[in-house]
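For reference, the structure is listed below as structure tokens.
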Amino acid sequence: MLLNLNRMGPGRYVLYGIGVLTALFLLLPVAFIAALSFGSSQWLQFPPPGWTLKWYAAIFNDPRWVESIWTSVKVAFTVMVLSIALGLPAAFALVRGKFPGRTLLHAFFISPMIVPVIILAIALYVFVLKFGLNGTFIAFVAAHLIVALPFSVICIVNSLEGFDESTEKAAIVCGATKAEAIFRVTLPAIRLGIFSAALFSFLASWDEVVLGIFMASPTLQTLPVRMWTTLRQDLTPVIASVSTLLIALTIVIMIITAFLRRRYAR
Amino acid sequence: MFEAISNNPYRNLRAPRVGLRRLRPALPALIFLFVFMVVPLSSLLLLSVTKPETGLGNYISLLGDATYARVLLNTFIIAALVTLVTLVIAYPVAWLLAILPSRVSQIFFAIILLSMWTNLLARTYGWMVLLQRTGVINRALMGVGLIDQPLPLINNLAGVTIGMTYIMLPYVILPLHATISGIDPAIMQAAAITGAKPRQIFWHVMLPLSLPGIGAGCMMVFVMALGYYVTPALLGGTSNMMLAEMIAQQVQSLLNWGLGSAAAFILLAVTLVFYAIYVRAIGLGRVR
């Protein structure tokens with residue numbers, strides 16, 4: 001009765017009300033930024049006095065924005081590749097290995113998710129300053145890889161646990177070498193896990209702000225760092241248009257993942 | 001004889017290896033995390049007890065000085081407040097999602113995912129613009145006639161609470177929804193048949209049964225909120241600075257590395273204590 005809408009009585013209207021308000025609350029900033037980015041008011045008047053695309057043009061006419069987008073793409077892509085390269089073998093060891101301290105190792109691999117990112121950030125900040133690596137591509141990749149790796153390990157471990165190892169052994173019995181069996185049987189079977197690992201690693205790097213703030217130099221900034229430094233100065237509408245592009249990207253990724261999930265669910 | 005061995009179809013099927021050799025594939029990741037996480041964190045710990053001078057001076061001044069102690073207290077108050085507000089909103093929403101027809105709840109889940117996956121700075125920027133003195137919210141409230149003067153909604157406790165609640169909501173709604181959907185309706189029917197009123201069923205049956213989800217969600221939000229940096233820095237004020245902001249300020253602007261690292265380790269210790277309680281209560285399996 002409390003878990004059945006039709007038999008719940010008038011109480012359900014309270015739930016409906018809270019539900020609708022929460023949905024509006026969750027949508028409010030997202031929809032608002034999108035509307036604002038097309039508004040012509042420099043002072044963020046709402047509703048805007050007119051409509052324009054000039055804030056989008058401003059992004060692409062400013063080499064600093066374009067450069068930061070490009071830096072973000074390069075860093076995130078490198079992080080994604082390295083995260084799979086390190087995470088995939090690690091996941092194999094975690095799932096199939098029978099060595100002492102396996103649970104501990106698993107906990108260690110996901111520990112970057114638990115340590116507050118500000119602590120990682122200042123620890124790395126002091127560390128890279130010592131080696132003169134601040135503001136370098138390597139520093140960004142290393143920092144972002146720390147927070148991306150747990151996603152990669154978790155995704156691949158999950159899908160590998162769902163894969164029956166005897167299928168791989170069957171391939172070996174049929175004459176495949178160990179490597180052939182892994183590359184032609186096991187990896188294709190867990191490809192959805194690897195794909196999610198790559199996606200989450202890319203996004204973890206792409207959205208990372210705090211580590212970026214501490215790794216950046218005036219000459220090398222990722223997109224979130226550029227947004228952060230701009231936001232600290234003023235609330236220019238250019239941020240709204242950058243944000244809207246990011247929201248559009250989020251929606252595209254959501255549609256792709258929903259589509260893939262549906263395809264693989266069959 | 002040799003031919004017989006090489007024709008053996010089982011030749012590639014080695015006996016399962018036991019021992020540390022199976023650890024080898026994990027080595028690259030292990031070494032990476034060791035060099036870029038364990039070493040920097042350890043040297044930070046070292047800094048906290050050696051700079052400016054050897055000893056526990058940094059920790060003593062952090063816990064003894066009224067200014068720093070207030071930052072610590074603020075951090076706990078804000079984290080607790082955000083957790084409470086988030087729970088109060090998330091519970092009815094998770095409940096509603098558990099009983100709505102799946103067509104409708106799917107739309108709601110899409111909204112949750114959209115807000116969760118939108119860039120953190122984009123969301124925070126949205127709130128900065130919405131909440132400012134001349135922002136839409138103040139204008140709307142004045143337009144309706146609820147207030148005469150714009151409310152101070154940003155650079156204070158209200159701003160941080162709204163911004164952080166917004167970010168944390170999905171992290172409570174999702175686990176709570178899983179718990180509530182898992183409750184067997186027959187248990188509540190049994191309570192109803194034996195004469196319990198809906199209110200009694202809620203307080204004595206449904207709420208206790210959803211405690212695991214409440215615990216998991218709240219603990220997660222509380223721990224995340226303790227160490228949050230970006231949103232408090234942009235929506236909060238100087239008078240309610242949180243620990244993460246203070247750490248960043250000490251290290252980056254004031255070059256007070258010793259004190260900053262000591263504060264970082266206090267935050268880490270507190271986080272790990274709460275995390276240990278969480279794992280104890282819920283089990284490591286659920287955390288993954």
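The values are calculated or read from the model by the stated rules, or taken from the named source; none is laboratory data. Nothing here was measured: the structure is a model prediction, and the numbers come from that model. Ideal geometry is used to build each Cβ from the backbone, glycine not excepted, and the neighbour counts take in all protein chains shown. Side chains are part of the model used for accessible areas, which takes the heavy atoms of the whole protein and leaves out ligands, DNA and RNA. Shrake-Rupley method; radii C 1.70, N 1.55, O 1.52, S 1.80 Å.
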Would you check if there is a residue in the range B:67-85 being crowded, with 18+ Cβ neighbours inside 10 Å, over 30 Å from B:Gln250 (Cα atoms) and either touching a Cys at 6+ places or on another chain (Cβ under 9 Å) or facing chain A (nearest Cβ under 7 Å) (or both)? no
Selection within the range A:37-54 - at pLDDT below 90 and in contact with a helix residue (DSSP H, G or I) (Cβ under 6 Å, 6 or more places away or on another chain): A:Leu44, A:Phe46
Kindly provide the set of residues from the range A:47-70 that are farther than 12 Å from A:Pro237 by Cβ, in a helix (DSSP H, G or I) and open to solvent by 90 Å² or more (accessible area, probe 1.4 Å), ordered by number. A:Phe60, A:Asn61, A:Arg64, A:Glu67, A:Trp70
Suppose we filter A:Phe195, A:Phe137, A:Phe214, A:Phe202 for residues that are in contact with a Phe, Trp or Tyr (Cβ under 8 Å, 6 or more places away or on another chain), in contact (Cβ under 8 Å) with a residue 60 or more places away in the chain and either open to solvent by 40 Å² or more (accessible area, probe 1.4 Å) or among the charged types (D, E, K, R) (or both); which single one remains? A:Phe202
Checked pairs for the range A:28-54, first at positive phi and not assigned by TED's automatic domain parsing to the domain that holds A:Ile251, second modelled with pLDDT under 90 and part of a loop (DSSP other than H, G, I, E, B), C-beta under 7 Å and 6 or more apart or across chains, list as A:Leu44/A:Leu235
The range B:35-56 - residue that is surrounded by 17 or more Cβ atoms within 10 Å (Cβ to Cβ) and in a helix (DSSP H, G or I) and, of those, farthest from the other protein chains (Cβ to nearest Cβ): B:Val49
Scan the range A:51-66 and tell me whether some residue there is touching a strand residue (DSSP E or B) at 6+ places or on another chain (Cβ under 8 Å) and over 30 Å from A:Gly162 (Cα atoms). yes
Leading residue by the ranking (nearest to A:Leu105 (Cα to Cα)) among those in the range A:149-178 that are outside any helix (DSSP H, G or I) and open to solvent by 50 Å² or more (accessible area, probe 1.4 Å): A:Gly162
Filter result for A:Leu223 (facing chain B (nearest Cβ under 9 Å) and either open to solvent by less than 40 Å² (accessible area, probe 1.4 Å) or farther than 20 Å from A:Ile156 by Cβ (or both)): yes
When the range A:226-236 is checked residue by residue, the ones that are assigned to a helix (DSSP H, G or I) and either more than 9 Å from chain B (Cβ to nearest Cβ) or surrounded by fewer than 14 Cβ atoms within 10 Å (Cβ to Cβ) (or both) are A:Arg226, A:Thr229, A:Thr230, A:Arg232, A:Gln233
Kindly establish whether A:Val30 is of a type outside the set (Phe, Trp, Tyr), open to solvent by less than 30 Å² (accessible area, probe 1.4 Å) and over 30 Å from A:Val153 (Cα atoms). yes
Which of the residues belonging to the range B:117-174 are without any contact (Cβ under 8 Å) to a residue 12 or more places away in the chain and not in a helix (DSSP H, G or I)? B:Thr118, B:Asn119, B:Gly145, B:Leu146, B:Ile147, B:Asp148, B:Gln149
Qualifying positions in the range A:81-97 - touching a residue at least 40 places away in the same chain (Cβ under 8 Å) and either open to solvent by less than 40 Å² (accessible area, probe 1.4 Å) or not assigned by TED's automatic domain parsing to the domain that holds A:Ile138 (or both): A:Ser83, A:Ile84, A:Leu86, A:Gly87, A:Leu88, A:Ala90, A:Ala91, A:Phe92, A:Leu94, A:Val95, A:Arg96
So, in the range B:178-199, of the ones that are without any contact (Cβ under 8 Å) to a residue 12 or more places away in the chain and surrounded by 13 or more Cβ atoms within 10 Å (Cβ to Cβ), which residue ends up farthest from A:Asn4 (Cα to Cα)? B:Ala196
